[in-house]
């Protein structure tokens, strides 16, 4: 029996990056032999074992054969006769198809080390096309390593486009699309994920709401980049600069979805796009089964970003109504997320990436002033229900009015 470190751990060791987790392949063994050594089997579809001491995952070398559409449609075979090279051949990218022996030797049958040196993301074989999730993984790796100069090989992009044209991506299920997307949102350059999906004709299959934004113009006065699709990914890039919070990044990504529904005769203006955006956010989150915390912040950003951008011009009563609509007094942390998403929108514009955003500080102060207003004993005795709420609203308007940054 021979043991090899495989996959991402080898790749990241060679890149000098931190290794998050280590996966191992065992060649020349049976499940019974591993069980006798104290390994605990956890794999459902094929034997994967936890090491008795380190609890790291060890898998028996295996091969795969396409047997049905989709990412689950594989027949898996394992035996002591399966070689390491056969196991590595089933992997997606050459940089993920390397192994290291216990003596330190790098086994690299598909040129992964050369592709690492040349900063190329390349598929191992045509078997890449058998699993639609690999297009999402390709885009995610591009987002992770773009800052290190990596790019997708032309022939790999061409293969991904053929997969889209042949309908292979239609087998993707919502959970896997969101799983890979959520991981991509946490990468250093998440916008690259969507750029690669678009270049491979996969964006219209996975995020048609974003694909439809391309070619939709905006007023050049406010949006020097003009194209709404370009602005969308610029906003995501700005959000990634402002925050590591994936929920904030998602809200920045989807805040303008409604602009795709503006009739052409009304271009480049988009009156009422906020309501359309909120509806599309709801539909997108329902389709991909996106968690509620992502959905709820994205809805607030879609509905209120236009008003928040005008914070300096808002009357105190309008500010208090905005705070109420966003539940800012009870949910201060989420309100801060909303302000970050709106700042990303403001900075996601050509030439304005480093602009200041005083609107956020204005609304932070307003929220703090309004939060100081609580019911007095006399008010509790004199008012109930809606009447008490209106009394507190009046006092909060006055508190905001007398804030140094308030507006009469």
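Below is a table of values for the structure above.
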{"read-out": "Segment 1-111, relative contact order in percent, only Cα pairs under 8 angstrom and at least six apart counted", "value": "27"}
{"read-out": "Sequence of 102, 318, 181 once ranked by neighbouring C-beta atoms within 10 Å, starting from the fewest", "value": "102, 318, 181"}
{"read-out": "Rg in Å to one decimal, and Dmax rounded to a whole Å, for segment 118-260 via C-alpha atoms", "value": "15.0, 48"}
{"read-out": "Using alpha-carbon coordinates, inclination of helix 154-165 to the longest axis of the chain, degrees", "value": "70"}
{"read-out": "Overall Cα dimensions of segment 342-386 - principal axes, largest extent first, Å", "value": "56, 17, 8"}
{"read-out": "Packing-based ranking, highest mean first, of 287-294, 188-195, 275-282 given that Cβ atoms within 10 Å are counted", "value": "188-195, 275-282, 287-294"}
{"read-out": "Two-site label geometry, residue 77 and residue 310: point separation in nm, points 7 Å out along Cα→Cβ", "value": "6.8"}
{"read-out": "Relative contact order %, segment 207-401, counting alpha carbon pairs below 8 Å whose residues are six or more apart", "value": "23"}
{"read-out": "Distance from segment 1-28 to segment 166-240 (C-alpha centre basis), Å", "value": "31"}
{"read-out": "Cα-based shape type of segment 248-310, given that a ≥ b ≥ c are square roots of the gyration tensor eigenvalues and the cut on a/c is 1.5", "value": "oblate"}
{"read-out": "DSSP bridge pairs, segment 1-111: antiparallel proportion in percent, nearest 5", "value": "85"}
{"read-out": "Calculated over segment 207-401: convex hull of Cα atoms, volume per residue (Å³)", "value": "125"}
{"read-out": "Shape box of the chain [Cα atoms, principal axes, largest first, Å]", "value": "82, 53, 37"}
{"read-out": "Degrees between helix 292-309 axis and first principal axis of the chain (Cα, 0 to 90, nearest 10)", "value": "40"}
{"read-out": "Relative packing of peptides 118-126, 232-240 - highest average C-beta neighbours within 10 Å first", "value": "232-240, 118-126"}
{"read-out": "Relative contact order computed over the chain (Cα-Cα under 8 Å; 6+ residues apart), in percent", "value": "10"}
{"read-out": "Cα gyration tensor category, rounded, prolate or oblate, for segment 112-154 with a/c compared to 1.5", "value": "oblate"}
{"read-out": "0 to 90° range, to nearest 10: angle between helix 174-185 axis and the chain longest Cα axis", "value": "80"}
{"read-out": "Rounded if a/c under 1.5, otherwise prolate or oblate - segment 59-184, Cα gyration tensor axes", "value": "oblate"}
{"read-out": "For segment 359-408 versus segment 276-309, the gap between their alpha-carbon centres in whole angstrom", "value": "27"}
{"read-out": "The chain: antiparallel DSSP beta bridges as a percent of all, rounded to 5", "value": "80"}
{"read-out": "The chain - mean residue ellipticity at 222 nm from DSSP helices (-39,500 (n - 2.57) per run, n ≥ 4, rounded to 500)", "value": "-15000 deg cm²/dmol"}
{"read-out": "Residue with peak Gaussian network fluctuation, the chain [Cα springs, cutoff 10 Å], from 260, 252, 153", "value": "153"}
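Throughout, read-outs are computed from the coordinates displayed, never taken from laboratory work. What you see is a predicted model, and the numbers here were worked out from it, not measured in a lab. Because the Cβ atoms are built from the backbone with ideal geometry, glycine has one as well, and the counts that use them run over all protein chains shown.
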